[in-house]
Amino acid sequence: LYLEKECFSNSGTIIANSMMVKNDILRHYPMHDNKIQVIYNGVDLQKFQPADKDIKADIKNGLGITADKVILFVGSDFKRKGVPTLLKAFSMLGRRDVQVLIAGKEAKTRYLSMAKKLGINKKVIFLGAEREIQRLYSISDLFVLPTIYDPFSNATIEAMASGLPVITTAYNGASELIENRVQGFVIDDPSDAGAFAEKISFALLHAEDMGKQARLKAEEYPIDNAVDKIRSEEHTSELQSHSFISYA
C-alpha cells in the first residue's frame, strides 16, 4: 500500500480503465480529479465477432452441445466472479432447452457438488481452460458474469463484440458500457440470484436484438484506439516531465 501511494503521489498522469476504478482511487488516495484519465480497454473486433449459423452449428456439434440456447461464463476466479450466483440463478429458470458453459479453469469439487445439489449438473458443462475462447462466444446466446469486483472485465467486451448481450454487476467496470435492456443488464447486488434469473429469462427472449446492440457498442472501442489514447497520454506526460502510470 505504501508503494501504491507513492506511485499515485509521484505520477503526473494516472490512467484508469473505468470510472469505477477512478472513483476507487480518489476514495483511497485523495488527489485532483483531472490527474486521472479513464481509457476503457479495447477489443480485437476481427477476432471477436458474431459467427454465422453454420459455424455455430459445427462448433456445437464438436463440443457435444445439444441445447437450443447457451449461457456462457468465462473467468478463472470462480468465487470472485460469481459462479455460485450463476448456478443458483440457472436453477431457478426451469428451462430444459438451455445449457450453461463455464470456462476458465477446472472446477473444484464444491462447484460440481453445488450443481448436482441444485439439480442442474446435467445442464452445466465445466470446460476448464480454453485456448480458443472465441469459439465459445460464437456458440453462445448470452454472457453472464455475476462478479463481485472487476476493474474492467475483458471477457465482457469480448462477448459484446461477439454479438452477445451481457448480464453483469455494477462492480464490473465494463458495466459502464451497458445500458439496461439495450446491450444487457447491470445488477447492483452480485449475490441476488433471483435478479439474475429474471434478467437471464428476459435476455434469452431478446438475445438477437440485444446482441446486435452489444456489437455496435463494442465497435466504439477497438483495441487500436485504446492503445493510441494511452500512447497520447504517455507522450503528454513526457513533455510535461511527469511520470505516468496505468492502473487497472
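For the chain, the 222 nm mean residue ellipticity estimated from helices alone, with every DSSP H stretch of n ≥ 4 adding -39500 (n - 2.57) and the total spread over all residues, rounds to -13000 deg cm²/dmol. Taking Lys5 as the anchor, which aspartates and glutamates have their alpha carbon closer than 19 Å to its alpha carbon, excluding any fewer than eight residues away along the same chain? Candidates past the 8-residue exclusion: Asp24, Asp33. For Val43, the residues whose modelled amide H falls within less than 5 Å of its own, excluding neighbours fewer than 5 places apart on the same chain, are Ile223.
For the residues Met92, Met20, a 1.4 Å probe over the protein chains yields an accessible-area ranking, largest first, of Met92, Met20.
Given +1 at the Cβ of Lys and Arg, -1 at the Cβ of Asp and Glu and no other charges, the dipole of the stretch 34-129 around its Cα centre is 620 debye to the nearest 20.
Between Leu204, Phe185, Ala170, the Cα set farthest toward the positive side of the dipole of the stretch 161-213 (charges on each charged residue's Cβ, about the Cα centre) is that of Leu204.
If the segment from Glu179 to Leu3 were pulled out straight at 0.36 nm per residue, it would be longer than the present Cα-Cα gap by 59.7 nm. Comparing Tyr171, Tyr29, Tyr40 in a Gaussian network model of the chain (Cα springs below 10 Å), the most mobile by mean-square fluctuation is Tyr29. Sorting the segments 132-140, 83-91 by their residues' average number of neighbouring beta-carbon atoms within 10 angstrom, most packed first, yields 83-91, 132-140. Compared with the alpha-carbon gap, the fully stretched path from Asn61 to Arg231 is longer by 56.9 nm at 0.36 nm per residue. Against the set (1) 78, 60, 37; (2) 60, 36, 31; (3) 49, 48, 33, the structure's computed Cα extents along the principal axes in Å falls on (2).
Under a model in which nothing but the beta-carbon of Lys, Arg (+1) and Asp, Glu (-1) is charged, the chain shows a dipole of about 1240 debye around its Cα centre.
Pairs exceeding 20 Å between alpha-carbon atoms, taken from Lys56/Lys108; Lys60/Lys217; Lys81/Lys105; Lys117/Lys199; Lys53/Lys88: Lys56/Lys108; Lys60/Lys217; Lys117/Lys199; Lys53/Lys88. A Förster radius of 30 Å combined with the Cβ-Cβ distance from Glu219 to Asn34 puts the calculated FRET efficiency at roughly 0.55. When the stretch 1-97 is described by a simple charge dipole with +1 on each Lys and Arg Cβ and -1 on each Asp and Glu Cβ, the residue from Asn34, Leu1, Ser11 located farthest towards its positive end is Leu1. Placing unit charges on each Cβ (+1 for Lys and Arg, -1 for Asp and Glu) gives the stretch 24-163 a dipole about its Cα centre, and among Ile71, Ser138, Pro50 the Cα reaching farthest toward its positive end belongs to Ile71. Using C-alpha pairs under 8 Å with a sequence gap of at least 6, the mean separation divided by the residue count of the chain gives a relative contact order of 27 percent. Between the stretch 81-118 and the stretch 193-221, the C-alpha centres lie 19 angstrom from each other.
With the gyration tensor restricted to C-alpha atoms of the stretch 1-129, the semi-axes of the equivalent ellipsoid amount to 39, 20, 12 Å, longest first.
The values are calculated or read from the model by the stated rules, or taken from the named source; none is laboratory data. This one's a predicted model, so the numbers in the text were calculated from it and none came from an experiment. Cβ coordinates were reconstructed from backbone atoms using ideal geometry, including for glycine residues, and neighbour counts include every protein chain displayed. Note: accessible area is taken over every heavy atom of the protein model, side chains too, but ligands, DNA and RNA are not part of it. Shrake-Rupley method; radii C 1.70, N 1.55, O 1.52, S 1.80 Å.
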